[in-house]
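Every number in this text was worked out from the coordinates using simple rules, so none of it is lab data. Remember, predicted model here, so these are calculated numbers, not experimental data. Cβ: placed from backbone, ideal geometry, glycine included. Neighbour counts: every protein chain shown.
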Amino acid sequence: MEALNVKDLQVAYDRKAVLDQVELSIPQGSLTAIVGPNGAGKSTLIKAILGMLKRSSGHISILGKPYNPKNRNVGYVPQRGSVDWDFPTNALDVILMGRYGHIGWFKRPSKGDIALAKEALHKLGMADYADRQIRQLSGGQQQRIFLARALVQDAEVYFMDEPFVGVDAKTEKAIIDLLRELKHKGKTVIVVHHDLQTVLEYFDHTLLLNRTVIANGPTEQVFTKDLLQKTYGGTLAFFSPTGDKRVMS
Amino acid sequence: MTYEGWILLTACLVGISCGMVGCFLIVRRMTMLADAISHSVLLGIVLAFLVANSLNGIYMLIGATIIGLVTTFAIQSLHNSGVQEDASIGIVFTTFFAIGVILISLFARDVHLDVEHALMGEIAFIPWNTYTVFGIEIPKATGMLLCITLFATLVISMFYKELKLTSFDAALAVTLGLPVALIHYLLMGLVSITAVGSFDAVGAVLVVSMLVVPGACAYLMTDRLSVMLLYSCLFGAASAVFGYYGALLLDASISGSMSAAGGILFLLTWFFSPRYGLLRRFRTMKTS
């Protein structure tokens, strides 16, 4: 089955199309990378799919049904810079926010919700930081908090916006382990990714994007020199999986 | 209750209701919107008076809430159409406020509604304008503030986690299916009614300080939003009480003294807060 299907998506800022004629489908249970140059509209694509940005047109289906947040089958990890880290809250509290959809109106988090949040903290190696104000965490730790929060959302399809940016090696490892575990459980994970060196290693499905879909398919078919050049245009410093650096122009 | 007792109670209720609602403006970084709404509310009050031909609190609440929401909406629309946000705020509220001032000078000259009163409030008159509820004679403004404070407490405790999440991470709230815009307007509605309720007591200019300063003090005291709300109510009430006695001592404007007391409390918190005070930060810098 398809985890995500997008038909005829268009997004415009000030009447200028940022994304145009986007058609794509992502198979269920895949680890998908969205790859493209700066300004290609990668974050915009995720935000438009999830309804945080207004779409000029487009149909979105998640797991075969029109997307509706109330189905609670979608989890989201925003870019780290998108929230106010000075907010008066601590790590455990932020993770609990992932449960708010399940808890429903007028109710407080239950003991079960708190236990789930603690379990997620533990899983990401953050058990000792539950009471920490979030500004006092390192970049990698903040990212792990976001992932723990997505985990407790207990979704089927996860969207993550650049989770590997600015994190230490230990966090990168923790994140990729978690993504693989989610895949193993049959979940679908769609990640905006900027590090071309790790695409082949981490992801089995790849979407090349530059204002529209350039290519979409299994990574080994899509992640080719020609298609990458088409995506990035002009010059591209391309790191092959074996590590030799070539400049394509 | 004595004359002084009513004034103190009224002032504390202003501090508590504004302090509570103001917390959310602080954590959403929207304090300029408080400035805008508190000024626009004047237009709502005048319009309510012109339509209903009465200074009854209920009409004022309705009028001011509508205008408060229109203000928020107008600012948002201007901003969306490409005007900078701070400029949108400045354009909308000054215009609305100015229309309010013109309307007062045109139509409402002979009633208990004048520009100076609207700007500065006059808490000293409040105990003389009363009604009787359950056999107790209470000042109208105090009764209205009591209802508003209870209402704000109820709304905030009912929607606490939604208010918190939409303040911290609106994007996540959208994916969880929360009506983010509705919650935003709910909060702005609360700001509007709190501003009207406090209007009589402190006026359009100084209600801003009551909406912003207690929350700003509380922000320096804790890492928990719930605790911040409590602190903010305390700081609000404290600046009201200290301000009142300060005014007696100096024989000065009560609303002015209350705001000044808020400012002094902020300075003290900024220096001495055990959590984020300057002294504390200085000491941790030295030891690390």
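For the residues B:Gly44, B:Gly277, B:Gly189, a GNM of chain B with alpha-carbon springs under 10 Å puts the largest fluctuation on B:Gly277. Of all DSSP bridge pairs formed entirely within chain A, close to 60 percent run antiparallel.
Start at zero, step by 10 Å, and the Cα-Cα distances of the protein assembly as shown spread as 4, 16, 23, 21, 17, 11, 6, 2, 0 percent across the bins.
Shape class of chain B from the Cα gyration tensor (axes a ≥ b ≥ c, square roots of the eigenvalues): oblate, since a/c reaches 1.5 or more and a/b does not exceed b/c.
Report the convex hull volume per residue for chain A, counting only C-alpha atoms, in Å³. Mind dumping the intermediate values first?
Numbers: hull volume 34.3 nm³, N = 249.
It is 138 Å³ per residue.
Helix-only estimate, please: 222 nm mean residue ellipticity of the protein assembly as shown, summing -39500 (n - 2.57) across DSSP H runs of length 4 or more and dividing by its residues, to the nearest 500. Write down the numbers at each step before the final one.
Working: 21 runs with 311 residues, N = 537.
Counting only the DSSP helices, I get -19000 deg cm²/dmol.
Largest GNM mean-square fluctuation among A:Gly29, A:Gly39, A:Gly140, using chain A with Cα springs under 10 Å: A:Gly39. Taking label points 7 Å from Cα along the Cα-to-Cβ direction, B:Leu278 and A:Asp86 give a separation of 1.6 nm. The mean number of partner chain beta-carbon atoms within 10 angstrom of a residue's beta-carbon across peptide A:93-106 is 4. When you work out D = kT/(6 pi eta Rh) for segment B:172-225 at 37 °C and 0.692 mPa s, using the Kirkwood radius from C-alpha pairs as Rh and the Stokes-Einstein form, the result is 249 µm²/s. Modelled spin-label separation between A:Lys225 and A:Ser110, with each label point placed 7 Å from Cα along the Cα-to-Cβ direction: 5.9 nm. Label zone of B:Ser105 (point 7 Å out along Cα→Cβ, amide N under 18 Å): in segment B:15-52 this covers B:40, B:42-44, B:46-47.
Placing +1 at every Lys and Arg Cβ and -1 at every Asp and Glu Cβ, with all other atoms neutral, what dipole size does chain B have around its Cα centre, in debye to the nearest 20?
Its charge dipole is roughly 1100 debye.
Do the alpha carbons of any pairs in A:Lys187/A:Lys225; A:Lys42/B:Lys161; A:Lys70/A:Lys187; A:Lys70/A:Lys183; A:Lys16/A:Lys225; A:Lys70/A:Lys111 sit beyond 25 Å of each other, and which pairs? List each step's numbers first, then the result.
Details: A:Lys187/A:Lys225 29 Å; A:Lys42/B:Lys161 30 Å; A:Lys70/A:Lys187 18 Å; A:Lys70/A:Lys183 23 Å; A:Lys16/A:Lys225 30 Å; A:Lys70/A:Lys111 23 Å.
From A:Lys187/A:Lys225; A:Lys42/B:Lys161; A:Lys70/A:Lys187; A:Lys70/A:Lys183; A:Lys16/A:Lys225; A:Lys70/A:Lys111, over 25 Å: A:Lys187/A:Lys225; A:Lys42/B:Lys161; A:Lys16/A:Lys225.
Sort A:Phe159, A:Phe164 by Cβ crowding within 10 Å, fewest neighbours at the top. Write down the numbers at each step before the final one.
On the way: A:Phe159 25, A:Phe164 19.
Going from least to most buried by this count: A:Phe164, A:Phe159.
Of all the options B:Gly90, B:Gly215, B:Gly236, the one that moves most in a Gaussian network model of chain B with Cα springs shorter than 10 angstrom is B:Gly90. Ordering B:Ser17, B:Ser226, B:Ser257 from the fewest to the most neighbouring beta carbons within 10 Å gives B:Ser226, B:Ser257, B:Ser17.
Over all distinct Cα-Cα pairs of segment A:85-154, the Kirkwood formula returns a hydrodynamic radius of 11.9 Å.
Computed extension length for B:Leu250-B:Arg29: 76.1 nm, one decimal, from 0.36 nm per residue of separation with the Cα-Cα distance subtracted. Remark: mean inter-chain Cβ contacts per residue of B:175-184 equal 5, using a 10 Å Cβ-Cβ cutoff to other protein chain atoms. This ranking places B:Leu43, A:Leu116 by how few other beta-carbon atoms lie within 10 Å of each, fewest first, which gives A:Leu116, B:Leu43.
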